[in-house]
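The values are calculated or read from the model by the stated rules, or taken from the named source; none is laboratory data. Note that the structure is predicted; figures quoted are calculated from it, not measured. Methodologically, a virtual Cβ is constructed for each residue, glycine included, from the backbone with ideal geometry; neighbour enumeration extends over all protein chains shown. Heads up: the accessible areas ignore ligands, DNA and RNA and are worked out on the full protein's heavy atoms, side chains in. Shrake-Rupley method; radii C 1.70, N 1.55, O 1.52, S 1.80 Å.
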Amino acid sequence: MKLEFAGFEISFFDFINIYLPPWVIFISGLLIILLMLFFYFKKGRYRSSAIKYSDLKIVKRAVRSKRQRYRVALLVLRILAIALLVISFARPRSGTEYKEVTSEGVDIILTLDVSSSMQAEDFKPNNRLYVAKEEIKKFINQRINDRIGLVVFAKYSYTQCPLTTDYGVLMNFIDLVDFGIIEDGTAIGMAIANAVNRLRESESKSKIIVLLTDGDNNAGEIDPVTAANLAKAMDIKIYTIGAGKSGNTMYPYQDPLFGKRYVYQPTKIDEKTLKTIAENTGGKYFRARSGKELEEIYNLIDNLEKTEIKIASHVQYKELFNYFSFAGLMILILELLLAHTVFKKLP
């Protein structure tokens, strides 16, 4: 809902059109009110007496009646009436804006590695999986009108959440993702195949898979490159992310005698395969060595795969000038009635 002033337009036989913008009407009204005040307070200087007295001392000592004291109310009423009429001439109107949003949505499957290697704590102060989940949530919050789903994988792969526009439900499913929900391993090919299966019946013009892993393919019946070729055949683009620092990284280990302790293990990311997957499908490969880099990668993917939104808007107006005109005329009539009755004065 919004309030605006449309101005005043006069048409003479469809040949001459005169349009007065609202600011001209308001300035004119203000000048009229200022002139009224000027003549009201200065009229005593120029007005000749209706009755002449030889001595004004007695008249000045006379007590002013309540009617004389409150007669200034007539001026207030007239100014208020003129102000309301000026507003009505400026043509106030309230409008309700309606928007029709047409979007060519992007269908996105987020594919997340939940193998034990994602427990590495090189994304301090948290492990890789925790940071990945948080950045995925930020990515989802930046999307508009897209269908997004989630596939998780380790030794096997399954759909944690199908394609949906209900981002609240999707966030809840992301929170449920944790270690141990799938037997340990890294089946990248199966994860891609599962994601492709979720997108194969999509009618969206843009279909993408965002694959995050920190290892190399060591499980599953389908080779990652073969799965990527299947995605290419279905016009699905894959962005791959290799998560983890190079070299040895601290992994938590639960010792049955001494409790939790850390061991150093090398980070094994098959970057060559991940690059091949991305290049074959028209996507890109990224390496995330920290939580900050991972955030930047998701932001970059968000910018590369923006939804095309077309917004057509129109405003339905309700004219309000009649309310102001009616109120102004009523107050003007009241002022005239009071001037000739309660506040009537002799010449």
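Looking across region 249-260, the residues that are of a type outside the set (Phe, Trp, Tyr), touching a residue at least 40 places away in the same chain (Cβ under 8 Å) and either open to solvent by less than 40 Å² (accessible area, probe 1.4 Å) or assigned to a helix (DSSP H, G or I) (or both) come down to 249, 252. Pairing residues of region 71-95 that are outside any helix (DSSP H, G or I) with residues that are open to solvent by 40 Å² or more (accessible area, probe 1.4 Å) and among the aliphatic types (A, V, I, L, M), at Cβ distances under 7 Å and at least 6 apart in sequence or on separate chains, gives 92/3; 94/1; 94/3; 95/315. Restricting attention to region 199-209, the residues that are surrounded by fewer than 22 Cβ atoms within 10 Å (Cβ to Cβ), in contact (Cβ under 8 Å) with a residue 24 or more places away in the chain and charged (D, E, K, R) total 2. Can you tell me which residues in region 210-244 are part of a loop (DSSP other than H, G, I, E, B) and surrounded by fewer than 18 Cβ atoms within 10 Å (Cβ to Cβ)? Matches in region 210-244: 216, 218, 221, 223, 234, 235.
Yes/no per residue for (1) out of contact with any helix residue (DSSP H, G or I) (no Cβ under 7 Å at 6 or more places or on another chain); (2) charged (D, E, K, R):
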{"residue": "236", "(1), (2)": "no, no"}
{"residue": "241", "(1), (2)": "no, no"}
{"residue": "253", "(1), (2)": "yes, no"}
{"residue": "295", "(1), (2)": "no, yes"}
{"residue": "302", "(1), (2)": "no, yes"}
{"residue": "318", "(1), (2)": "yes, yes"}
{"residue": "321", "(1), (2)": "no, no"}
{"residue": "339", "(1), (2)": "no, no"}
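Checking residue 91 against (1) more than 29 Å from residue 262 (Cα to Cα); (2) open to solvent by 10 Å² or more (accessible area, probe 1.4 Å); (3) out of contact with any Pro (no Cβ under 9 Å at 6 or more places or on another chain); (4) modelled with pLDDT under 90, only one condition comes out false. Which one? Here residue 91 meets the rest and fails (3). Residue 137 meets the conditions (1) in contact with a Ser or Thr (Cβ under 9 Å, 6 or more places away or on another chain); (2) assigned to a helix (DSSP H, G or I); (3) free of Cβ contacts under 8 Å to residues at least 40 places away in the same chain; (4) not β-branched (Val, Ile, Thr) in every case but one. The failed one is (1). Total residues in region 152-173 satisfying the condition of being farther than 20 Å from residue 119 by Cβ and either open to solvent by less than 10 Å² (accessible area, probe 1.4 Å) or assigned to a loop (DSSP other than H, G, I, E, B) (or both): the figure is 4.
Which is modelled with pLDDT of 90 or more, surrounded by fewer than 16 Cβ atoms within 10 Å (Cβ to Cβ) and touching a Lys or Arg at 6+ places or on another chain (Cβ under 8 Å), of 296, 271, 319?
On the way: 296 fails: touching a Lys or Arg at 6+ places or on another chain (Cβ under 8 Å); 319 fails: modelled with pLDDT of 90 or more.
Just one listed residue meets the conditions, 271.
Do you know which of the residues in region 274-293 that are under 20 Å from residue 132 (Cα atoms) and among the charged types (D, E, K, R) is most open to solvent (accessible area, probe 1.4 Å)?
Filtering region 274-293 down to residues under 20 Å from residue 132 (Cα atoms) leaves 274-275, 278, 283-293.
In the following step, the residues that additionally are among the charged types (D, E, K, R) were identified as 275, 284, 287, 289, 292-293.
Values: 275: 93, 284: 99, 287: 39, 289: 100, 292: 122, 293: 62 Å².
If we take residues in region 274-293 being under 20 Å from residue 132 (Cα atoms) and among the charged types (D, E, K, R), then 292 is most open to solvent (accessible area, probe 1.4 Å).
Of the set (1) surrounded by 22 or more Cβ atoms within 10 Å (Cβ to Cβ); (2) out of contact with any strand residue (DSSP E or B) (no Cβ under 7 Å at 6 or more places or on another chain), all apply to residue 185 but (1).
Taking the criterion of being among the acidic types (Asp, Glu) and surrounded by 15 or more Cβ atoms within 10 Å (Cβ to Cβ), would at least one residue in region 136-147 satisfy it? Steps first, answer last, please.
Filtering region 136-147 down to residues among the acidic types (Asp, Glu) leaves 146.
Retained after the next criterion (residues that are surrounded by 15 or more Cβ atoms within 10 Å (Cβ to Cβ)): 146.
For region 136-147, residues among the acidic types (Asp, Glu) and surrounded by 15 or more Cβ atoms within 10 Å (Cβ to Cβ): present.
Taking into account only those residues within region 270-289 that are assigned to a helix (DSSP H, G or I) and among the charged types (D, E, K, R), which is nearest to residue 122 (Cα to Cα)? Applying the filter and picking the extreme gives 271.
Out of all the residues in region 174-209, which are part of a helix (DSSP H, G or I), farther than 22 Å from residue 131 by Cβ and under 34 Å from the mean Cα position of the chain (by Cα)? Give the derivation first.
Of all residues in region 174-209, those part of a helix (DSSP H, G or I) come to 174-176, 188-199.
Applying the additional criterion that residues be farther than 22 Å from residue 131 by Cβ yields 189-190, 192-194, 196-199.
The answer is 192, 194, 196, 197, 198, 199.
The single condition among (1) open to solvent by 30 Å² or more (accessible area, probe 1.4 Å); (2) hydrophobic (A, V, I, L, M, F, W, C); (3) part of a helix (DSSP H, G or I) that residue 263 does not meet is (3).
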